Amino acid sequence: MQYLYLVKLVIISTVLMIITPANSQTVSGIIQDKNGVGITNALVHFSSANSENKSSSNSKDSGKFRLVLKSSGRYSLTIESIGFITYHDTVIVTSDINLGAITLASLEDTALKSKTLQEVNISGQREVAQHLSDREVIDVENTYLGKLPATSDLLNQIPEITFDGSAISVLGKNNVGIYINGHQSEVSINSIPVQNISKIEIITNPSSKYDARMEAIINVILKKGIDDGLQNEFFATYEKRYGHAYSFGSSLSYNKGNINSSLNIGYDARASKKINSNSSAIFNKRGYTFTSDTYETSNGHSLNINLETILLINKSNKIMINANWLPSYTPQQNFNESDNFTNHVTVEIDSSITSNVLWSYYTRFANAGISLSNTNKIFTIEPRFDVFWQDDGTKTDNSFLSYNLNSSRAPIIIKTNQYRQNTAYIPSLNFSHPFSNSQLEFGAKYYYIPSKFFLDFSSLNFYTPDQNNLFSSTENIFAQYIKYDGHWNKINYEFGLRNEYSTQSGFFNGTPNNYNLSKILPSINLSYSITENNKLSLSYSEKLSRVPFSLQSPLFYYNGPYTAFEGNPLLRPQTLHSVQMKYLYKSCYATLYYNNYSNFLSTLPYINNNTTILKFSNYNRINYGIIFGTPITFMPWWSSQNTLKIYYQSNNGTINSTKFHFGSWTSNVIINETFKVLKAKLTLLFNYTLPYFSGVNKIKTNPSFDINFTQPIAHNRVQLSLYIRDIFHTYSYSYIYRNVEGVLYNSSLLKDTRGITFSIKYNFERGRSTLKGPENKDDIQLRL
């Protein structure tokens, strides 16, 4: 059925080509930057000498455009895009013509390199965000965001993103796909040094072109040089907080002729200590209170290497190769825990247990991809092949020492060895055919994913399962999509369908487990330009997340004296219906969103024999909210970024045959003030979120207030940064509450979040520029 579906797409595209006016002339091409990266939403405008014949279009994904001119003749071509010099040319059209790749010069880089601009003083502030109909483009490199010490700090400054240090969500969506330079990756975004990032694109409602499981997309654009020759930027950072950390890395680029290469390297090492957590659970039905105190120390290090090379064969063909390597090691993470049970009648400790847990684990991730792009008069064809590989291993050494009244202490030692490996082989093929004011795009993608998991227990006792756990699985995913987009008068539209059919087969300790799943998913994106400064957009998408094979294992195992995990072979796929509306007035915006989850996949706690068990489960979730953003420039030396997010989340389902429903309103405020004095910049950062629900847990955090100071020296070659974290010592505590099955649970995490970070960045001598700047310096100053 999948192949018949692809044949239908080809037939439809052929019919659409036939109905294109025969007496017209088709002009196509690709808009790109110096490094061959396509520029999306660039305005392409053709006008005849007498201005009687005009035609305009916006470049699509990968910078492709195609439009139809009513007659032959001489036309003036103008291409405009934010952040680039306006392109002007004269084109003589006598028949269908492919202009090939058209390279736009970066506005800022041209200004910095033009010798005619040595005396131009630009005192304005760069806008942090560019709001497009289908995405947000966050400028990191040229704003205060690029001076922050860590990517986690960067993410917490973006109102659409919620990041708690491990899990990330976008407008209430949890399954977020990470892309690097426009290509799918599985790396943790927090592992990418902020100093290597140029821009971040946030696609809050992805179209049918993207995988069904990707409810939102974060595309990280890494830094690339634009000059011929070798360019290099080096950075180093040291941080002292609840431990110490240091990192260093480099962004290298080499451009010559038709070859553009970039290499981004980052290394991070950190050690933490004095992280305390205290929790208590009141068991009113059982007549006792459980209290626990935990002390944690850890150390670890990671490396991130990203390589990308683009070979421009000619104006119509290019080859791109990319690779990423990310090993991460934590040789030691130690937990010391003390637990007590207090009887409500005697008000005395009834039993107690002390434990010492020593973990060591590693994660290694690698991916590589190669693609070919060919543009002809009919189609742009892009075949691609990717390989993803990941493995991780964990070793634990748990020592439990427990005692009850009138009994002696009984030591128990548990040692485990866990290993997991996943590989994905992904060939894909994309076609696109532009018309005068629209474009048809379709493609197919195949995933072959073998994986295996092994959990070995050195000895079997009360705290361990009755057997070791071994599973292996193979997943096949067949995906096809079709997308049609264009514009009519003041309306831009995009309609898409995606079909995914998957098979999964595997074994749990020799027991087979198989299932098949098929789903057709629609997507719609509409935008309307009310006036030049007023725009309104509306989008809808349906997404599907398959159940990971590892969570379907019925394995039950302890990860602490009174906490355990349990798999669930009855888990069902998670589906999401998402609607978003955005209004934009100049640089101010408001985004309204609504997400409706069926069979939301997460863990739910229940109590069994004094043990809190986290079982992987399905329940329903609804969240909706609105974001207001108002960037303001008070003075040339004072700019402000202010956002307010108000949202509601509701969770309902069943825990151990008991129905539950939790829901509440909450809000988040982000206020950033940047002051510029000569070349130095001072940024004040404030962030606060009211208590909110995450599943059945209510979470409370305190406000944070940070200060960032940057000073360029040595003719702007060196940039010094000082970041003072949690200056008023208000963010040290976080709290978790829940009331489930008659058990009132609360937990607090204490860590001294006060800290100071010092970083230095050095730009080496750049190569020779190949960009041609405008002849008039007044034009540059006006555009900036």
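Read-outs: derived from the displayed coordinates by stated rules, not from any lab. It should be emphasised that the depicted structure is a prediction, and the values quoted were computed from it without experimental measurement. In this analysis, Cβ positions are derived from the backbone assuming ideal geometry, glycine residues included, and neighbour counts consider all displayed protein chains.
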Helix-only mean residue ellipticity at 222 nm for the chain, each DSSP H run of n ≥ 4 adding -39500 (n - 2.57), per residue, nearest 500:
-1500 deg cm²/dmol
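Multiply the residue gap between T531 and F454 by 0.36 nm, knock off their C-alpha separation, and tell me the result in nm, one decimal place.
21.7 nm
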Excluding residues fewer than 8 places away in the same chain, name every one of the lysines whose C-alpha is closer than 18 Å to that of K751.
K240, K273, K274, K700
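Return the subset of K256/K318; K582/K698; K64/K445; K615/K659 for which the Cα-Cα distance in this structure is over 18 Å, preserving the input order.
Values: K256/K318 15 Å; K582/K698 29 Å; K64/K445 21 Å; K615/K659 15 Å.
Long pairs (Cα-Cα over 18 Å): K582/K698; K64/K445.
Which pairs in the list K60/K223; K415/K452; K34/K54; K34/K676 are over 26 Å apart, alpha-carbon to alpha-carbon?
Numbers: K60/K223 22 Å; K415/K452 21 Å; K34/K54 28 Å; K34/K676 31 Å.
Table pairs above 26 Å Cα-Cα are K34/K54; K34/K676.
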So, over other residues within a Cβ distance under 11 Å of T375, counting Lys, Arg +1 and Asp, Glu -1, the net charge is +4
Order of 197-206, 77-86 by packing, highest average Cβ count within 10 Å first?
197-206, 77-86
Calc'd 3J(HN,Hα), the range 440-449, phi into Karplus 6.51 cos²θ - 1.76 cosθ + 1.60 (θ = phi - 60°), Hz, glycine/Pro = x, comes to 9, 9, 8, x, 9, 8, 10, 10, 10, 10
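Where Lys and Arg each count +1 and Asp and Glu each count -1, what net charge lies around Q552 among other residues with Cβ under 11 Å from its Cβ? Before the final figure, lay out the partial values.
On the way: positive: R546, R572; negative: none.
Once positives and negatives cancel, what remains is +2.
How much of the DSSP bridge set in the chain is antiparallel, in percent, rounded to the nearest 5? Before the final figure, lay out the partial values.
Details: 402 of 416 bridges.
Here the share of antiparallel DSSP bridges comes out near 95 percent.
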Excluding residues fewer than 8 places away in the same chain, name every one of the aspartates and glutamates whose C-alpha is closer than 16 Å to that of K586.
E127, E136, E532
Neighbourhood net charge (14 Å Cβ-Cβ; Lys/Arg +1, Asp/Glu -1) for F705
-2
Cross-link partners among aspartates and glutamates for K70, C-alpha distance below 16 Å, same-chain residues fewer than 8 apart left out?
E52, D96
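Kindly rank 249-256, 184-191 from highest to lowest mean number of other beta carbons found within 10 Å of each residue. Let's see the in-between values first.
On the way: 249-256: 20.6, 184-191: 19.1.
The most tightly packed comes first, giving 249-256, 184-191.
Could you work out the relative contact order of the chain, using alpha carbon pairs under 8 angstrom and six or more residues apart, expressed as a whole percent?
On the way: 2146 pairs, mean separation 79.7, N = 784.
Relative contact order here is 10 percent.
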Which one of N374, V696, L303 has its Cα pushed farthest toward the positive end of the charge dipole of the chain, where Lys and Arg give +1 and Asp and Glu give -1 at the Cβ?
N374
How would you order 663-673, 237-247, 492-502 from highest to lowest mean count of nearby Cβ atoms within 10 Å?
492-502, 237-247, 663-673
